[in-house]
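Below: the structure, in structure tokens.
The values are calculated or read from the model by the stated rules, or taken from the named source; none is laboratory data. As the structure is a prediction and not an experimental result, all values here were calculated from the model. Positions of Cβ are backbone-derived with ideal geometry, glycine not excepted, and every protein chain shown enters the neighbour counts.
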Ligand SMILES: [Fe+2]
Ligand SMILES: [Fe+2]
């Protein structure tokens with residue numbers, strides 16, 4: 001599939017929104033966060049919408065329908081972007097003989113990126129899974145983001161070549177990243193967060209696509225799926241799962 005630039009993606013999204021307003025007679029407004037950068041929301045945007053137009057207050061018909069009690073795997077299949085990187089890193093952890101806690105941490109370490117918000121993905125990802133996994137798992141996910149910027153010879157982890165390519169050779173992480181790295185380095189679960197980084201490093205092989213089903217049992221044992229379905233339960237992360245489920249709900 002051809003890659004679209006941001007402008008093209010916005011044009012397609014705008015078109016789909018107009019079409020939906022016509023066909024279903026509901027308007028859709030994209031959250032400020034979804035558009036910031038592409039547009040400056042502090043400035044007035046285009047013509048005002050018809051104040052009488054009804055707004056979408058449920059699932060977005062342009063997205064695949066979610067089951068009534070969605071599980072983690074449903075989010076992977078119906079909402080998340082490509083997850084080969086996550087699956088590859090979990091597979092590497094499994095092959096290296098790591099305990100399931102590390103394998104699940106690797107499998108989930110970038111769900112902030114593939115399913116929610118990229119910026120500060122480790123922190124968002126940790127919050128998303130916190131109520132459902134062992135504390136050490138979400139801790140590892142939170143801190144892998146900072147640790148990725150710092151080598152550790154003892155673990156055979158070097159500063160990623162990819163980061164030099166992506167962020168430039170002079171990129172210097174912000175003070176909060178350094179602070180969190182220093183904190184994590186002294187923590188009893190440092191090894192968990194570091195193992196995520198180690199398995200992260202080599203999990204970008206093009207054309208390698210482990211299947212999610214291979215990890216179903218590990219997910220079953222290490223991710224407490226709520227009875228009501230993710231999003232419909234009552235935890236500190238439920239609203240985040242609901243937002244992924246219905247990202248364009250007006251309120
Ligand atoms: Fe990451
Ligand atoms: Fe990663």
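Go through the range 87-107 residue by residue and tally those that are free of Cβ contacts under 8 Å to residues at least 40 places away in the same chain and either farther than 19 Å from residue 221 by Cα or within 13 Å of ligand 1 (Cβ to nearest atom) (or both).
Counting residues in the range 87-107 that are free of Cβ contacts under 8 Å to residues at least 40 places away in the same chain and either farther than 19 Å from residue 221 by Cα or within 13 Å of ligand 1 (Cβ to nearest atom) (or both) gives 0.
Is it fair to say residue 125 is without any contact (Cβ under 8 Å) to a residue 40 or more places away in the chain and not in a loop (DSSP other than H, G, I, E, B)?
It is true that residue 125 is without any contact (Cβ under 8 Å) to a residue 40 or more places away in the chain and not in a loop (DSSP other than H, G, I, E, B).
Considering (1) under 21 Å from the mean Cα position of the chain (by Cα); (2) farther than 24 Å from residue 75 by Cβ; (3) modelled with pLDDT of 95 or more, say which one residue 202 fails and leave the rest.
(3)
Within the range 62-84, count every residue that is within 17 Å of residue 111 (Cβ to Cβ) and touching a helix residue (DSSP H, G or I) at 6+ places or on another chain (Cβ under 8 Å).
12
Between a residue in the range 136-152 that is under 19 Å from residue 117 (Cα atoms) and any residue that is more than 16 Å from ligand 2 (Cβ to nearest atom) and not in a helix (DSSP H, G or I), which pairs come within a Cβ distance under 7 Å, given they are 6 or more apart or on different chains?
Cβ pairs passing all conditions: 139/189; 140/189.
Answer with yes or no whether residue 164 is more than 14 Å from ligand 2 (Cβ to nearest atom) and under 15 Å from the mean Cα position of the chain (by Cα).
Criteria not met by residue 164.
Inspect the range 23-32 for any residue being under 25 Å from residue 238 (Cβ atoms), under 22 Å from the mean Cα position of the chain (by Cα) and buried (at least 18 other Cβ atoms within 10 Å of the Cβ) and give the result as yes or no.
Scanning the range 23-32, I find no residue that is under 25 Å from residue 238 (Cβ atoms), under 22 Å from the mean Cα position of the chain (by Cα) and buried (at least 18 other Cβ atoms within 10 Å of the Cβ), so the answer is no.
Failed condition for residue 82, given (1) farther than 21 Å from residue 136 by Cβ; (2) away from ligand 2 (no atom under 16 Å from the Cβ), with all others met?
(2)
Are any of the residues in the range 176-186 more than 28 Å from residue 242 (Cα to Cα), within 13 Å of ligand 1 (Cβ to nearest atom) and surrounded by fewer than 17 Cβ atoms within 10 Å (Cβ to Cβ)?
For the range 176-186, residues more than 28 Å from residue 242 (Cα to Cα), within 13 Å of ligand 1 (Cβ to nearest atom) and surrounded by fewer than 17 Cβ atoms within 10 Å (Cβ to Cβ): absent.
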